[in-house]
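The values are calculated or read from the model by the stated rules, or taken from the named source; none is laboratory data. Note that the structure is a prediction, hence the values are computed from the model and not measured. With ideal geometry, Cβ positions are generated from the backbone for all residues, glycine too; neighbour counts draw on all protein chains shown.
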Amino acid sequence: MPYFDDYKKKRMTKQDHLREDARKPNEGTEYRGYKGRGKGKPVMDGYQKDARGGYHGRNYQEKPARKEERRPARPPMERKPAPRPAPVPPPREEEAMENLLTGRNPIREALKSGRDIEKLLVAKGDLSGTAQQIVAMAHEAHVPVQMVERIRLDELAKNHQGMIAFASAYQYADVDDMLAVAKERGEAPFLIILDGVTDPHNLGAVIRTAAAVGAHGVIVPERRAVGLTPAAVKASAGGIEHIKVARVTNLTNEIKKLKTLGIWLYGADAEGENFRQVDFSGPCALVIGSEGDGISRLVLEQCDHVVSITMKNPAMESLNASVAAGILMYAAAAARE
């Protein structure tokens, strides 16, 4: 191995090192070295041998061996238990088992008989054979069809054959039937229109209040809204037996038709006029929006009047949909007396 001479500041070969080492009188002590070899000028120069066999000048001080720094031992890792699979959620209340139609034949017969169905769930990729025929029948009957994963159907029922239908808990009526009831009573039409209400408890509460104030019917849209599910019928607490509920395909077109019959539309919105200063007498229909977004833009544009319920507490921005509907229904009922 090569050696490094600190005094001469150069590397030394093994032969040079042996020659220099032979001149030492005692290994590890000072010895006479020669600088400027060949010039005949001997000089006193001290060399010191280190622990590895190398030679350094007299001022060299060997550094003490560095102690290895030991890292602190890591604490044992705590093994977390493997996460348990999430439990399968039970069917929602509005999806009660007694209103589920499973299997292709029962669903086909229900569609043929004209039974009201809230929606049809079809497993993705399962549109072969009779499934296509059933889906076509559902579209013709204006039944919403949703394509879902098969595991969703497995959570609701077994042996579903790739499709499940939710039957309505009560029979729907037509808007013409509501107008016929108003004519029989000799009263101006009084209707309640719900735009996008998705909570079945709100729908049930509106139905019960509408029956209590003597309204002639409640109108709900076919899509993006709750229908007569078991939860809604239960929340009405028997009110569904005393008032008609209609489900329409296009709410905007239905409102235009009502306006041609001389019915005035009153939409509930925070930017509207104080409802206490509005005259609800005569043929009227109250429009109540969804729980979060309120009345949609297209429906609000068709309203003849926009009314609001003032809040005494500025921290409260709005009321529950069923509560707001109840306040406006009783205000309209008082004006009609």
Checklist entry - Is at least one residue of the stretch 112-128 modelled with pLDDT of 75 or more, under 25 Å from ASP199 (Cβ atoms) and over 28 Å from the mean Cα position of the chain (by Cα)? => result yes
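One line per residue, one yes/no per condition, for (1) under 30 Å from GLY186 (Cα atoms); (2) of a type in the set (Val, Ile, Thr):
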{"residue": "GLY272", "(1), (2)": "no, no"}
{"residue": "PHE275", "(1), (2)": "yes, no"}
{"residue": "ALA285", "(1), (2)": "yes, no"}
{"residue": "ILE295", "(1), (2)": "no, yes"}
{"residue": "ASP304", "(1), (2)": "yes, no"}
{"residue": "GLU317", "(1), (2)": "no, no"}
{"residue": "LEU328", "(1), (2)": "yes, no"}
{"residue": "ARG336", "(1), (2)": "yes, no"}
Checklist entry - Which of the residues spanning the stretch 236-252 are crowded, with 17+ Cβ neighbours inside 10 Å, small (Gly, Ala, Ser) and assigned to a loop (DSSP other than H, G, I, E, B)? => result SER236
Item to check | Of the criteria (1) among the polar types (S, T, N, Q); (2) within 19 Å of VAL181 (Cβ to Cβ); (3) free of Cβ contacts under 8 Å to residues at least 12 places away in the same chain, which one ASN253 fails | outcome: (2)
Checklist entry - Looking at this structure, is GLY282 small (Gly, Ala, Ser) and loosely packed, with under 15 Cβ neighbours inside 10 Å? => result yes
Checklist entry - Which one is surrounded by the most Cβ atoms within 10 Å (Cβ to Cβ) among residues in the stretch 297-337 that are assigned to a loop (DSSP other than H, G, I, E, B) and among the acidic types (Asp, Glu)? => result ASP304
Checklist outcome for this item: Within the stretch 259-279, residues within 39 Å of the chain's Cα centre (by Cα) and part of a helix (DSSP H, G or I) come out as LYS259, PHE275, ARG276
Item to check | Residue match in the stretch 184-193 (condition: closer than 28 Å to LEU298 by Cβ and surrounded by fewer than 18 Cβ atoms within 10 Å (Cβ to Cβ)) | outcome: yes
Checklist entry - All but one of (1) under 13 Å from GLY326 (Cβ atoms); (2) modelled with pLDDT under 90; (3) in contact with a strand residue (DSSP E or B) (Cβ under 8 Å, 6 or more places away or on another chain); (4) small (Gly, Ala, Ser) hold for ALA215; which doesn't? => result (2)
Checklist entry - Hey, among the residues in the stretch 253-274 that are of a type in the set (Asp, Glu) and either at pLDDT 95 or above or surrounded by 13 or more Cβ atoms within 10 Å (Cβ to Cβ) (or both), which one's farthest from SER318 (Cα to Cα)? => result GLU254
Checklist entry - Of ALA86, ALA138, ALA157, ALA167, which residue is among the aliphatic types (A, V, I, L, M) and modelled with pLDDT of 85 or more? => result ALA138
